[in-house]
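One structure is given below, encoded as structure tokens.
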Amino acid sequence: MQFTRLALGLAGAASIAAPLAFSAPAQAQNEQFVPALVYRTGAYAPNGIPFANGRKDYFALLNARDGGINGVKIVYEECETGYATDRGVECYERLKGKGPTGAAAFSPLSTGITFALTEKAPADKIPLLTMGYGRADSVDGSVFQWNFPLTGSYWDAANILMQHIARQAGGADKLKGKRLALVYHDSPYGKEPIAVLEEASKRLGFKFDAMPVTHPGVEQKSTWLQIRQNRPDWVFLWGWGVMNSTSIKEAVAVNYPREKMFGVWWSGAEPDVLPAGDGAKGYYSLALHVAGAVAPVHQEMIKHVYDKGQGAGKKEEIGEVLYNRGLMDGLFVAEAIRTAMGKFGNKPMTGEQVRWGFENLNLTNERIKQLGYEGLAQPVKVSCQDHAGVHSARVQQWDGKKWNFVSDVYRANQDLLRPMIKESADKYAKEKNIKAGCVS
Amino acid sequence: MLYRETGQYKTSYSADQAMFPILQDRVGLVLILIVAFVGVPMVATQYTYTGILIPFLILALAAIGLNLLTGYCGQVSLGTGGFMAVGAYAAYNLVIRVPDINILLAIFLGGGISALVGVLFGLPSLRIKGFYLAVATLAAQFFLDWLFIRIKWFSNYAPNANAPDLVIFGVSFSSPLERYLFVLTIVCFMALLAKNLVRSRVGRAWMAVRDMDIAAEIIGIRLLHTKLLAFAVSSFYCGVAGALWAFVHLGAWEPLTFDVNRSFQVLFMVIIGGLGSILGSILGAAFIFAIPILINQVPATFGMPISTALAAHLEGMIFGSLIIFFLIAEPHGFARLWQIGKEKLRLWPFPH
């Protein structure tokens, strides 16, 4: 039969072609390779796309405006993970050795992939930038030498949200006897804040319920029925992707006031609130940075990249929350490379050198202004003891059209979190036989 | 002509019962083994090992495990991911809770514990059959998912479980090549075991149950025994595969690694590779795991400037049509296709 013959031919051809396709092409010399693990497809694509665009555009801007970093052109390559850990690992392996000096740094934007890469990065000597996600204890750079959770961890986020509701209630002592619910994505990501919130509930004497939502989070009816029965005084939302908008819609359905809902900074972007329409009005979330195209870098982006038709997304999408976060992720990688070049010379950096750049990254207010990130980024100073560099965030509220800041900058209480980080990091070091210490 | 067995006489019982009765098959197998153990290490890059070969081999092992249950014994299972998770978490807990345990032993004990769990969830198979059993094993999948997410003891109260360094009998398996050889050795060994198992009394009993369980019972095969043994052996293979996936491939994992999608992935490998064939499991694993990655890389390899999203969508479309095409061309999978290919090569170049 013809079909069988064709099938045999195809199978035969594939088995011959496969080894050829996996061989690596040649590389140019004076180029810095920056890999990108993205998810532009799958359940989390609405959130993955703006982040990927922002990050890609920033490097395009650097190439178009400045000719790269200190004269070293950036070669940028994306690999689609679909938010799946095994594809993420495959992408990491595919990209890590490219370019004359290998990959500069990875930002997986997935807690699952971060965990897997945390085990691989030290052996390959490539830093991991987990901006506002990843393991909370990776703030301790003496154990997690290759992880950089810049701008803070989920423990910081939980602590900041506690501070905010305490201030709203008129003091931490007023929380006694109240009830807090955490609606979280049932994965290591969503479970991260539980330790901090449990500790706070014991210390401050309020009741705390953790309510898991199964991946990807479109089925939350039972969770919100429970909320309807318990009527917690606040709901914290630790979701991602479609789960966030579903939660807001369910809150509307059970008539839970959105003004009592607080999302983490991954639950506070446009794709999270827009699907819920007017129902999302009044919903709060944490903000790592401003929403909207307000910084000079946005104008530069339009001038140098979008007007030439080289943008990754649409012009109107510049300034969306996750786009801005992608811009910041790109900024941190670029500045780490630049910092490393300050020490090692203006040539393509290896992952090890970029790691040094991350650990000595110091973005002051003046520097941020120079870079055109005024009003977008906060000052960051990284050290071996503190791989986050900054632990503060603000609270923003959705008014139906845009996000507005409604609080000052909160700083997470490090006196409280430090011992917990130390305990957790030490446990990890013991399990993995890591000798804690700072390498300079 | 290539596969003509003319002149290959069988003069003893052992020759008649050989695993590969045809000389060409034996030569081919030896060649494949030489390529896998010697040829690949000479040319492969790091990426080939860690991105393609190691995960492919581990999934092939899981597919062999599921094929023993579904292909040979006829019990459809959607719990493969769950059993892999049991293997991974059991091995992990053995390593952290039993001092100085040999990691190889931990991996196989993890498989053993998975076998016990498999037997437990195999019990309903005595009463429910076919699609209904698939649903029952799906419950196993969801229960095990839930267990490892919810009960923190299993991941030692950490956000995720971390694999220990692979040091076995003082030899450290840290480089991709060493890890590849480690996995390859285990997979070859266990595939050989599976191949022999299905040719033995046990395997024949499984196939009798698969073909008609009442008839099998009448000729004296104990259903309870046979079915539960199939669940045990299958779960053992899946458990070992899960432990390898966690320890050798990922290094750190969360329960989502072994979610229901993994079960489906392995089931598809078995279906498209060929039910009731060890070779089919391996070919199916290669197809389901490697082809999407291959398609994904084609545009970049030829310098085609298409976006990442488009490449990902194309990957899904082409891969989906390939599955449909191969299933129409040969519903019995790649193993059957290989049989047909052999027949053709036997007559080649003078077909009727």
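The numbers here are math on the coordinates, done by the rules we state, and not lab data. Please read these numbers as outputs of a predicted model, since none were measured by experiment. With ideal geometry, Cβ positions are generated from the backbone for all residues, glycine too; neighbour counts draw on all protein chains shown.
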Out of B:ILE107, A:ILE434, A:LEU129 - ranked by how far each Cα lies towards the positive end of the dipole of the protein assembly as shown, with unit charges on the beta-carbon of charged residues - the top one is B:ILE107
The range B:1-55: trypsin sites (Lys or Arg not before Pro) in DSSP coil with no more than 12 other Cβ atoms inside 10 Å
B:LYS10
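Arranged by the count of other C-beta atoms within 10 angstrom, fewest first, what order do B:MET317, B:MET42, A:MET420, A:MET243 take?
On the way: B:MET317 11, B:MET42 7, A:MET420 15, A:MET243 28.
Ranking B:MET317, B:MET42, A:MET420, A:MET243 by Cβ neighbours within 10 Å, fewest first, gives B:MET42, B:MET317, A:MET420, A:MET243.
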Report the charge-dipole magnitude of chain A in Debye, nearest 20, computed about the Cα centre from +1 at each Lys and Arg Cβ and -1 at each Asp and Glu Cβ.
300
Which residue, chosen from B:ILE149, A:VAL183, B:ILE52, occupies the Cα position most advanced towards the positive end of the dipole of the protein assembly as shown, where the dipole is computed from +1 (Lys, Arg) and -1 (Asp, Glu) charges on Cβ about the Cα centre?
B:ILE149
If you average the C-alpha positions of the range B:35-70 and of the range A:340-367 separately, how far apart do those two centres end up, in angstrom?
39
Can you compute the label reach from A:LYS314? Point 7 Å from Cα along the Cβ direction, backbone N cut-off under 18 Å, restricted to the range B:309-352.
B:309-310
Taking the beta-carbon count within 10 Å as an exposure proxy, list B:LEU192, A:LEU417 from fewest neighbours to most.
B:LEU192, A:LEU417
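Given 0.36 nm per residue, what is the gain on full extension from B:LEU104 to B:LEU29 after removing their alpha carbon distance, in nm? Mind dumping the intermediate values first?
Numbers: separation 75, 0.36 × 75 = 27.00 nm, distance 2.64 nm.
24.4 nm is the gain from fully extending B:LEU104 to B:LEU29.
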Taking the dipole of the protein assembly as shown about the Cα centre (Lys, Arg +1; Asp, Glu -1; charges at Cβ), the one of A:GLY375, A:GLY54, A:VAL273 that reaches farthest to the positive side is A:VAL273
Computed lengthening from A:LYS207 to A:LYS303, 0.36 nm per intervening residue step minus Cα-Cα distance:
29.3 nm
Hey, for a label at B:LEU123 modelled as a point 7 Å past Cα toward Cβ, could you say which residues of the range B:208-233 have their backbone N under 20 Å away?
B:222-233
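I need to check one value: relative contact order of the range A:348-429, counting alpha carbon pairs closer than 8 Å and at least 6 residues apart, in percent. Could the numbers behind the result be given before it?
Details: 69 pairs, mean separation 14.4, N = 82.
Averaging sequence separation for qualifying contacts and normalising by length gives 18 percent for the range A:348-429.
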With label points built 7 Å along Cα→Cβ from the Cα atoms of A:ASN30 and B:ILE214, find their separation and express it in nm.
8.3
Given R₀ = 35 Å, what would the calculated FRET efficiency be for B:VAL135 paired with A:ALA253, taking r from the Cβ atoms and rounding to 0.05?
0.70
Using a 10 Å Cβ count of at most 15 others and DSSP loop calls, identify the longest part of chain B lacking such chymotrypsin sites (Phe, Trp or Tyr not before Pro).
B:10-156
May I ask you to list, by number, the DSSP H helices of chain B whose Cα span along the axis is at least 20 Å and whose average Kyte-Doolittle hydropathy reaches 1.0 or more?
B:103-122, B:131-150, B:176-199, B:223-244, B:308-329
How big is the Cα convex hull of the protein assembly as shown in projection, averaged over all directions, in nm²?
36.3
Span from the the range A:123-201 Cα centroid across to the the range B:78-137 one, whole angstrom:
34
For helix A:414-432, what angle does its Cα long axis make with the longest principal axis of chain A, in degrees from 0 to 90 and rounded to 10?
50
Modelling each spin label as a point 7 Å along the Cα-to-Cβ direction, I'd like the B:ALA15/A:VAL294 distance in nm, to one decimal.
8.7
Evaluate the charge dipole of the protein assembly as shown about its Cα centre and quote only its size in Debye, nearest 20, assuming +1 on the Cβ of each Lys and Arg and -1 on the Cβ of each Asp and Glu.
780
Can you list the trypsin sites (Lys or Arg not before Pro) in the range A:284-356 that are in a DSSP coil and have 11 or fewer other beta carbons within 10 angstrom?
A:LYS308, A:LYS314
Can you figure out the FRET efficiency of A:LYS347 with A:LYS402, using R₀ = 56 Å and their beta-carbon distance, to the nearest 0.05?
0.85
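For chain B, what does the convex hull of the Cα positions come to per residue, in cubic angstrom?
Values: hull volume 63.4 nm³, N = 352.
With only Cα atoms used, chain B gives 180 Å³ per residue.
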Taking Cα centroids, how far is the range B:306-352 from the range A:25-86 in Å?
34
Ascending count of other beta-carbon atoms within 10 Å, so fewest first, for B:SER77, A:SER153, B:SER172:
B:SER172, A:SER153, B:SER77
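Under unit Cβ charges (Lys, Arg +1; Asp, Glu -1), what dipole magnitude, rounded to 20 debye, does chain B have relative to its Cα centre?
On the way: 21 positive and 15 negative charges, 144 e Å.
Value, rounded to 20: 700 debye.
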